[in-house]
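Scroll down for the structure; my scribbles are underneath it.
The values are calculated or read from the model by the stated rules, or taken from the named source; none is laboratory data. Values in this document were obtained by computation on a predicted structure and should not be read as measured data. All Cβ positions, even for glycine, are placed from backbone atoms using ideal geometry, and neighbour counts span all protein chains on display.
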Amino acid sequence: MKDELVKSAQEQLEHLAGACGIGCTLAEFNVQGVMPPAFCLGCPMRGGACRAERTHLYGCYEADRWQGQYIYYCPLGYIFIVAAFYDDVRDPYRRYGLAGPIDMSNADEPGVALPEGFAGAAPPRRNTTQVNDIASLLTTLGRYFGRVDPQAADDRDSGQAQLQNLLYEVSDEMRDSDEASYPISAERELMQMISLGDKSGSQELLNKLMGHIFFHSGADLEVIKARVIELIVLLSRASIDGGADVDKIIWQNNTYITDVQSFHSLEALSSWLTQVMHRFISYVFDFAEIKHADVLYKALKYIRQNYEKRLTLEEVAAQVYLSKSYLSKIFNDEMNCSFTNYINSLRIEKSKTLLLDSSADIIEIALEVGFDDQSYFTKVFKKQVGVAPGRFRETRGLI
Amino acid sequence: MEILNEISTLVQQGRAPKVKEAVAKALDDGVDAKTILEQGLLSAMSIVGVKFKNNEVFVPEVLIAARALNAALEVLKPHLIAEGVEEKGTVVIGTVKGDLHDIGKNLVKMMMEGKGLKVVDLGVNVSPEQFIEAAKDNSANIIACSALLTTTMNEMKNVVDLVKESKVNVKVMVGGAPITQMFCDTIGADCYTPDAASAADAALAFCS
């Protein structure tokens, strides 16, 4: 970190310390150990049960691993918080914000006992909520000074945390059932979402698929990589379905397939895959380039959540506080298709999934996806897909 | 049972001193130690785990709950260990290199001791070499490895490989949240168990 930045970071940490009443320092990474907070320098445990330099170094290592934040007990029983003040974990001169000590005992309990003959003041008491508050501020400060891109950081956090959670859920599922089967319908659903530009829904599905791939592969990274390449190819086709440029996408795939080989850890691979998927989605529908982005985004979101019911232009227009005619105009201008066609597209896509994955009657499917009657559904389906729904089901969608 | 619910709540709230009292009282009232463990303590940690997953509580709350759990276990431990122990076998246990999680491992250790096994606890961040050395020094029947992270579970393979290479006569048991039977088979370990109780049973079976 540059010197001016270090000075500025230290100033901000002093402000944080003043506001919270907790000591905050900026520590530099060192394999031998990091400079401990002032409290530790006078602590009798030091040199005995606690090598403070190493205790806090381990805190820093754990922060490296856990998206730049770690909260831990010292051997005495006080809480310390470490936050990354860097963007690149490979930087040998990286810095950390270190806050503590904090006594996190409940207010009505005796609290952590100070060691015999300790002359200093007892560390302040804060409850768990307050510790979270301080941790959050410290981490955000760290990202600011580490010049970390906030969006990237959020994606990394939610993506990796979700992956870990999903792995545990999947493992529970597998423990309960006798055979673990790959959720192929989730794959189709994911492709649908990509072609519709649904970012959050697709993230969820992608994590679910990654969780299953992980377990099916017996944790063999080479097998996982092969499955990931399969996924990338599928996602790329979905993106093309959604309107992305064919040549651009196929050229990209080349790079991705090479990049996949370079990974050594599942977390890094899944985080990268998430970024790749976001890129596919952005090629489908780049909101940054269109006017009325906010209104359309809300309208589309409402439509996606409600298209299976009887949905009218009036209803959607009311949701975004526009007149029916104005919404219709914007829709046509920006989406290059009419409101009706868009809704029908969504319904047809959904019906395809139902046709292939369930054995429900066509009339049931038509009603399920939001059409009023079977003949209209059949007409629209045939126009969009090229064959009648029954035939589509018979031929498993392959012509 | 009322007292068990009370204990569970106290663990969830992270009230270490109060939970120690409650456990002591439950034992005095004649509640079986294993029941207190399973319905009072472990159930509490499951609840905390779910809440953490749902972002209803965060790391600090989990930390104080774990602390309360450990405090309760201190009180419970002498009652979990079998009386008049004729050692049925020796187990070397540890959390693999790179991993610092130990709550699960400590529970397994306690359950195994409760079955009359001698358990040598190597702690956390244990390298394959340390496992082997301890197994040799203690003439262990079993090496038990724990891992909580997807990043560290591959260390278990290193342990299995080193055991084969050094031709030490021990069984390798594996466990931890991301571990599965399939993973166990893939790396060539001898046994996978999903929880502390079945781990203790399996270890006993290996030793007899």
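Observations on the model:
- Sub-6 Å Cβ pairs linking a first residue in the range B:179-191 that is assigned by TED's automatic domain parsing to the domain that holds B:THR151 to a second residue that is aromatic (Phe, Trp, Tyr), at least 6 apart or interchain, are B:GLN181/B:TYR192; B:CYS184/B:TYR192, ordered by first then second residue.
- Only a single item in (1) touching a residue at least 24 places away in the same chain (Cβ under 8 Å); (2) farther than 22 Å from A:MET191 by Cα is not met by A:TYR376, and it is number (1).
- Filter pass, A:LEU166 being buried (at least 19 other Cβ atoms within 10 Å of the Cβ), hydrophobic (A, V, I, L, M, F, W, C), in a helix (DSSP H, G or I) and at pLDDT 70 or above: no
Rundown of residues vs (1) crowded, with 22+ Cβ neighbours inside 10 Å; (2) in a helix (DSSP H, G or I); (3) not assigned by TED's automatic domain parsing to the domain that holds B:THR35, yes/no style:
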| residue | (1), (2), (3) |
| --- | --- |
| B:HIS101 | no, no, yes |
| B:LEU107 | yes, yes, yes |
| B:GLU129 | no, yes, yes |
| B:THR151 | no, no, yes |
| B:GLU165 | no, yes, yes |
| B:ASP201 | no, yes, yes |
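- Being in a helix (DSSP H, G or I), over 14 Å from the mean Cα position of the chain (by Cα), of a type outside the set (D, E, K, R) and at pLDDT 65 or above is a description that applies to A:SER185.
- Qualifying position, being out of contact with any helix residue (DSSP H, G or I) (no Cβ under 9 Å at 6 or more places or on another chain) and among the small types (Gly, Ala, Ser), among A:GLY47, A:GLY23, A:GLY97: A:GLY47
- Members of the range B:11-23 found to be within 21 Å of the chain's Cα centre (by Cα) and part of a helix (DSSP H, G or I), listed by number: B:VAL11, B:GLN12, B:ALA16, B:VAL19, B:LYS20, B:VAL23
- Residue count, the range B:167-186 (criterion: surrounded by 22 or more Cβ atoms within 10 Å (Cβ to Cβ) and part of a helix (DSSP H, G or I)): 1
- Whichever residue in the range B:55-70 is within 14 Å of B:LYS18 (Cα to Cα) and either of a type in the set (Phe, Trp, Tyr) or at the interface with chain A (Cβ under 9 Å from one of its Cβ atoms) (or both) and, among such residues, is surrounded by the fewest Cβ atoms within 10 Å (Cβ to Cβ): B:ARG67
- Picking from residues in the range A:26-39 that are in contact with a Phe, Trp or Tyr (Cβ under 9 Å, 6 or more places away or on another chain) and outside any loop (DSSP other than H, G, I, E, B), the one that is surrounded by the fewest Cβ atoms within 10 Å (Cβ to Cβ) is A:GLU28.
- Yes/no for B:ILE36 being in contact with a His (Cβ under 9 Å, 6 or more places away or on another chain), surrounded by 21 or more Cβ atoms within 10 Å (Cβ to Cβ), not assigned by TED's automatic domain parsing to the domain that holds B:ASN125 and not polar (S, T, N, Q): yes
- Residues of the range B:7-31 satisfying the condition of being surrounded by 13 or more Cβ atoms within 10 Å (Cβ to Cβ), out of contact with any His (no Cβ under 7 Å at 6 or more places or on another chain) and more than 19 Å from B:ALA66 (Cβ to Cβ): B:ALA24, B:LYS25, B:ALA26, B:VAL31
- Single condition A:LYS248 does not satisfy, out of (1) within 20 Å of the chain's Cα centre (by Cα); (2) surrounded by fewer than 16 Cβ atoms within 10 Å (Cβ to Cβ); (3) at pLDDT 75 or above; (4) not hydroxyl-bearing (Ser, Thr, Tyr): (1)
- Residues that are assigned to a helix (DSSP H, G or I), among the acidic types (Asp, Glu) and modelled with pLDDT under 90, drawn from the range B:24-63: B:GLU38
- Check on A:ARG94, basic (Lys, Arg), out of contact with any Asp or Glu (no Cβ under 6 Å at 6 or more places or on another chain), crowded, with 16+ Cβ neighbours inside 10 Å and more than 13 Å from chain B (Cβ to nearest Cβ): yes
- When residues of the range B:131-149 are limited to those that are in a helix (DSSP H, G or I) and either crowded, with 20+ Cβ neighbours inside 10 Å or among the polar types (S, T, N, Q) (or both), the one nearest to the other protein chains (Cβ to nearest Cβ): B:PHE131
- Residue within the range B:91-99 that is assigned to a helix (DSSP H, G or I) and away from chain A (no Cβ under 14 Å) present: no
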